[in-house]
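Structure in C-alpha cells, see below.
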Amino acid sequence: MNANNVYTPSEALIEEVITLSRNVNLYTVKTKEEIKWLPGQFFMVSVFGFGEAPISVTSSAREPLKFCIKKVGHVTGAIHGLRAGDTIGIRGPYGNAFPLDVARGRDVVIIAGGLGIAPLRPLIHEFMENGKDYARVFLLSGSKTPADVIYSEECALWEKRGIRVTLTVDCPDDSWDVCTGLVTAHLDKVEADFQNAASYICGPEVMIEAAMKAVSARGIPEERIITTLEAHMKCGVGKCGHCYMGPKYICTDGPVFSYKELRRLAERFGKGHGPQDDPMWGY
Amino acid sequence: MKKNMPVPIKTEAVKEWVLDKNHLSYWLRQLRKDFELVAPLRERNDIVLKRIDRIHEIALDCPASIPSPKEFLFPQFEPMLTKGTDGISDLRDGSKRVIFGVRSCDVSAVNLLDKFYLSGIADPYYESRRKNTLFISLVCNVPDGTCFCAGLGTGPYLKTGYDIQLYDLGDRYLLQAGSKDAERLVGRHRFLMRKPSKTDHEDQYEAQASSKAMFAERISLEGARQMITDGKVADDFWQDVAERCFECGGCVYECPLCTCFSVIDRKYNAGPADEQVERSRLWDACMFKGFTGMAGGALPAEKRILRTKRWFYHKLIYYPETLGAFGCTGCGRCTITCPGKIDMASVVHRMGNEYSKG
C-alpha cells in the first residue's frame, strides 16, 4: 500500500454487522491505523470488484468506526453481501464537518428523514456529551413505514439523556402508536426558541428543502440552518467532477452546507443549475 | 531585506538558441535515448499523437489541431491499481516522456490542468506523469480557421509557461528554453546550436506578427462571461443550445481542459484461485445523462439543458472563479467535432449577436 496515493484504500475488517431494518445494516469496521473523523465527514468505501461509494460516518469520535448502509445500488448491494470477518477498503475521511459554533448556547433542532439520521447521529452524541454547551436539543425523525425506522432503541436512550425525540412515519400500520405524517408537520410540537436556535437537517432532497423552508419560516436565520448533501462521487477529493453543484464540489466544498450558502448559489446560477434539479434549486 | 517586504519574483531570462533544421532529427534521436518520444504522425487520413519509432514520420506540416496531449497526462483509460491475494499494487505511470510538436494552446491548457489536478488534494496519477513529461511546443505560423487562441493569450506563441518553444524560421528553428529542466536538456546538445543573431529575432518578430494577422475571427470569452454574469443570457438561449446537442460527448473528449473521470473495477483470473481486481479510471462526460446518476436510479441532471449549460458555465464562469483563467484555450477542437454546431466559438458568437447590443 502506498501512503502517498490518495486513491489507494486501506483494508479494514468488518467486525460486526447489525440489521437495523429490512434494507439497512450497521457495519462496525476496524482499521489497522487509527483514524480520526468529525461529525458530518464521509469515507469512500470500496468492495473490490464492485467499486467505491461515499458513505458518511454514523459513529461519534469515541466509538469505533461505523457505517449505516442502505442497500440501494451496485456497491451498497455488494456491501450487503458481506459478513463479519470480511474486509472492505476505506479511504478518508473527506469533506467538511458540521459546524458546532452556530449551535453553542442555543436550542438545537435536528430534523432527519429516513437514513438521514445516520450522519446526524455523531452530532446527537456531541450534543449529549457536551450538553452544557447547548440549550435544549430536539430531534424530529421521520421514516416511510414503521419497518423503516432505524435507531429506535437508541432514540429511547437519547430521550433518557435529555434529547426531546419525536418519531413519525408516513404510512403507519397497526403497531405504530406514535406520530404520523411528514416531519415538517410536527414542527409545531417543537417548543424551541426558533429565533435563537440552530437546525441540522438531513434526508432525501425534497425533505431537506421542505424542512429548511419550514424552520426558516419559524425564524431560524439562514446561516444557522445546516444540511448535508449527497451526490454520485467517484473520487471524494474534488477531481472526478461528478458531484458538482455550480462552482462547488460536494465532496470537498461540502457535504455540509448552510441554507444561506445554498440560496446564494441558487441566486447566482439560477434554478435548475446544479445536479440538483428543480426541487433543490427552487428555494 | 526588511521583514514583510514582498519577495521579488525572479524573472528568468529566456535562454535562446538557433537550431538548423538539418539537425532536428539528430537532436530528437538523441533525446529518444533517455525519453519516450511522442509526436504527431499521420495514420491513414488521421493525425495522431503517438510514440515515435521512426523520426522521419513526424508530421511537422500538420494543421494546428492535432489531438490534445491531455491523453499523455490523463489518459482516456488508465489502470490505477490491482488488488490480489497479496494486497494492493499501485500502477502509476512514471515514464520519462518528451512530447514534441504540440502547440501553444495545449501547453497553456497543461498549465491550467496543473493548477486543477495539483491543487488541494493532488491527483497522484496526474502528478506522476506530469513530473516526468517535458513539452517541446511549436509556434503556429499558420493557425487553422477554427483557432481563436490569439485573443486569449494562450497562443499562437507563449511568453512564459513553456518548457521548450520552437519558432519555425524557414530553414532553422529559434529555440527558447523556459524552464530549468528544459535548459539542462538543451544544454546537453549545445554543440548543435548557435546563439541567435539580430536577423533571427527579426524573423521571429515577423513570424509572430504574420501569424497573429491570420486569425480569421476574434471570439471574446470575456464578453460572454460578462453577459452571463449580468444576467442577460436567458434560459431560452440555453434551451436552444440544448436542443442541438447530440449528447455525443465529443466536446468533452476533445477538450484539453475537460478533466472528469469515472472509475471502474474489473475482475480477472491471474492464475488458479487467484482472482485479481483491476481498478481503472476513464474519461467521463458531463454531457451524459448518467454522469450525475445516483445509486437509487435518480438522475439529477436528466434535462439536457442542465448539462449543456453546465459545460459552458464551467468553462466561462467557474474556471475563472476557481482557477483564475477560462477553461478554454481557443484550440477550436470542439468546433471541428460538434455535429450540432454548439461548440464554444459558435455559442459565444451567437450570444454576442443576440445580447451584446441590449
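Read the figures in this text as sums done on the coordinates, not as results from a lab. Note that the structure is a prediction, hence the values are computed from the model and not measured. Note that each Cβ is placed from the backbone with ideal geometry, even for glycine, and that neighbours are counted across all protein chains shown.
Relative contact order for segment A:101-281 using alpha-carbon pairs under 8 Å, separation at least 6, rounded to a whole percent?
Relative contact order of segment A:101-281: 20 percent.
Please work out how much length the chain gains when fully extended from B:VAL48 to B:MET214, using 0.36 nm per residue of separation minus the C-alpha to C-alpha distance, in nm with one decimal.
57.3 nm
Something else now. Simple spin-label model, 7 Å along Cα-to-Cβ: A:ILE35 to A:LYS71 in nm?
2.4 nm
When Rg is the radius of gyration of the Cα atoms in chain B and Rh is its Kirkwood radius, what does Rg/Rh come to?
For chain B, the value is 1.00.
Whole number please: convex hull volume per residue of the Cα set in chain A, in Å³?
129 Å³
Using the Kirkwood formula on the Cα atoms of segment B:290-358, what hydrodynamic radius do you get, in angstrom to one decimal?
For segment B:290-358, inverting the mean 1/r across all distinct Cα pairs yields 13.9 Å.
I've got another one for you. Rank A:VAL137, A:LEU115, A:SER60 by how far each Cα sits towards the positive end of the charge dipole of segment A:45-151 (+1 on Lys, Arg Cβ; -1 on Asp, Glu Cβ) and give me just the farthest.
Working it through, the farthest residue towards the positive pole turns out to be A:LEU115.
Here's a follow-up. Residue by residue through segment A:221-237, what is 3J(HN,Hα) from phi via Karplus (6.51 cos²θ - 1.76 cosθ + 1.60, θ = phi - 60°)? Round to whole Hz and write x for glycine and proline.
After applying 6.51 cos²θ - 1.76 cosθ + 1.60, I find x, 4, 6, 9, 9, 10, 9, 10, 9, 10, 7, 5, 9, 10, 10, x, 10 Hz.
Turning to a different aspect of this structure: Among A:GLU222, B:GLU217, which comes first, second and so on when ranked by fewest other beta-carbon atoms within 10 Å?
By the 10 Å Cβ count, ascending: B:GLU217, A:GLU222.
Still on this model: Relative contact order (percent) for chain B, with alpha-carbon contacts under 8 angstrom and 6 or more residues of separation?
20 percent
Mark the label point 7 Å from the Cα of B:THR199 along Cα→Cβ and return the residues of segment B:17-40 whose backbone N is within less than 17 Å of it.
Output list for this probe position: B:17-22.
Summing +1 for each Lys or Arg and -1 for each Asp or Glu, what net charge is found among the other residues whose Cβ lies under 10 Å from the Cβ of B:ARG307?
+3
Further question: How long are the semi-axes of the ellipsoid equivalent to segment B:231-337, from square roots of 5 times the Cα gyration tensor eigenvalues, in whole Å, largest first?
Here the semi-axes work out to 33, 18, 13 Å.
Pick out, in residue order, every one of the GluC sites (Glu not before Pro) in segment A:4-50 that is DSSP loop and has at most 13 other C-beta atoms within 10 Å; say none if there are none.
A:GLU33, A:GLU34
Take B:ILE136, B:ILE55 and order them by how many other Cβ atoms sit within 10 Å, fewest up front.
Result, fewest neighbours first: B:ILE55, B:ILE136.
Quote the charge dipole size of segment A:10-94 about the Cα centre in Debye, to the nearest 20; the model charges only the Cβ of Lys and Arg (+1) and of Asp and Glu (-1).
That gives segment A:10-94 a dipole magnitude of about 240 debye.
Next question. Report the local net charge at A:ALA118: Lys and Arg +1, Asp and Glu -1, summed over other residues whose C-beta lies under 10 Å from its C-beta.
Once positives and negatives cancel, what remains is +3.
Expressed as a whole number of Å, what is the distance separating the alpha-carbon centroids of segment B:163-181 and segment A:57-109?
Cα centroid of segment A:57-109 versus Cα centroid of segment B:163-181: 54 Å apart.
For the pair A:GLU153 and B:SER119, what calculated FRET efficiency results from E = 1/(1 + (r/R0)^6), where r is the Cβ-Cβ distance and R0 = 30 Å, to the nearest 0.05?
Computed FRET efficiency for B:SER119 and A:GLU153: 0.10.
Still on this structure, I have one more. Let me spell out the model: positive unit charges on the Cβ of Lys and Arg, negative unit charges on the Cβ of Asp and Glu, origin at the Cα centre of chain B. What dipole size does that give, in debye rounded to 20?
Charge dipole of chain B: 800 debye, to the nearest 20.
For chain B, what does -39500 (n - 2.57) per DSSP helix run (n ≥ 4), summed and divided by total residues, give at 222 nm, in deg cm²/dmol to the nearest 500?
Using -39500 (n - 2.57) per qualifying helix, the result is -8500 deg cm²/dmol.
Sticking with this structure for a sec: Evaluate the Kirkwood expression for the hydrodynamic radius of segment B:41-157, namely the inverse of the mean inverse distance over all pairs of different C-alpha atoms, and round to one decimal in Å.
For segment B:41-157, the Kirkwood estimate is 16.0 Å.
Sticking with this one: Compute the separation of the alpha-carbon centres of segment A:238-272 and segment B:279-311 and state it in Å as a whole number.
For segment A:238-272 versus segment B:279-311, the Cα centre distance is 16 Å.
Got a sec? Charge dipole of the protein assembly as shown, +1 on Cβ for Lys and Arg, -1 for Asp and Glu; which of A:PRO146, B:ALA285, A:PHE50 is way out at the positive end?
In the protein assembly as shown, that residue is B:ALA285.
From the alpha carbon gyration tensor of segment A:10-94, can you work out the equivalent ellipsoid semi-axes (sqrt of 5 times each eigenvalue) and give them in Å, largest to smallest?
Rounded to whole Å, the semi-axes are 18, 14, 13.
What is the spin-label model distance, in nm, from A:LYS160 to B:THR160 if the labels are put 7 Å beyond Cα along the C-beta direction?
Result for the modelled spin labels: 6.7 nm.
Follow-up question, since we're still on this one. So which chymotrypsin sites (Phe, Trp or Tyr not before Pro) in segment B:74-151 are both in a DSSP loop and have at most 16 other Cβ atoms within 10 Å of their Cβ?
Listed in order of number, the matching sites amount to none.
If R0 is 35 Å, what FRET efficiency do you get for B:ASP93 and B:GLU222 from their C-beta distance, rounded to 0.05?
Efficiency at R0 = 35 Å is approximately 0.40.
Among the listed pairs A:LYS36/A:LYS71; A:LYS32/A:LYS160; A:LYS66/A:LYS234; B:LYS232/B:LYS289, give every one whose C-alpha distance is greater than 31 Å.
Correct reply: A:LYS32/A:LYS160.
Treating each Cα of the protein assembly as shown as an identical point scatterer and ignoring solvent, apply the Debye formula and state log10 I(q)/I(0) at q = 0.07, 0.11 Å⁻¹.
The computed values of log10 I(q)/I(0) come out as -0.54, -1.13.
Among B:ALA64, A:VAL178, A:ALA103, flag the residue with its Cα farthest along the positive direction of the charge dipole of the protein assembly as shown, charges on Cβ as +1 for Lys/Arg and -1 for Asp/Glu.
B:ALA64
From the phi of every residue in segment B:195-209, what ³J(HN,Hα) in whole Hz does the Karplus formula 6.51 cos²θ - 1.76 cosθ + 1.60 yield, where θ is phi - 60° and glycine or proline is x?
Karplus-based 3J(HN,Hα) across segment B:195-209 equals 5, x, 9, 4, 4, 4, 5, 5, 5, 4, 4, 5, 4, 4, 5 Hz.
What is the order of B:MET287, B:MET80, A:MET128, fewest Cβ neighbours within 10 Å to most?
A:MET128, B:MET80, B:MET287
Here's a follow-up. Divide, for segment A:125-217, the radius of gyration over alpha carbons by 2.2 N^0.38 Å, where N is the residue count.
1.10
Dipole size in debye (nearest 20) for segment A:101-281 around its Cα centre, Lys and Arg Cβ +1, Asp and Glu Cβ -1?
About 660 debye.
Rounded to the nearest 0.05, what FRET efficiency is calculated for A:SER175 and A:GLU267 with R0 set to 45 Å and r the Cβ-Cβ distance?
0.50
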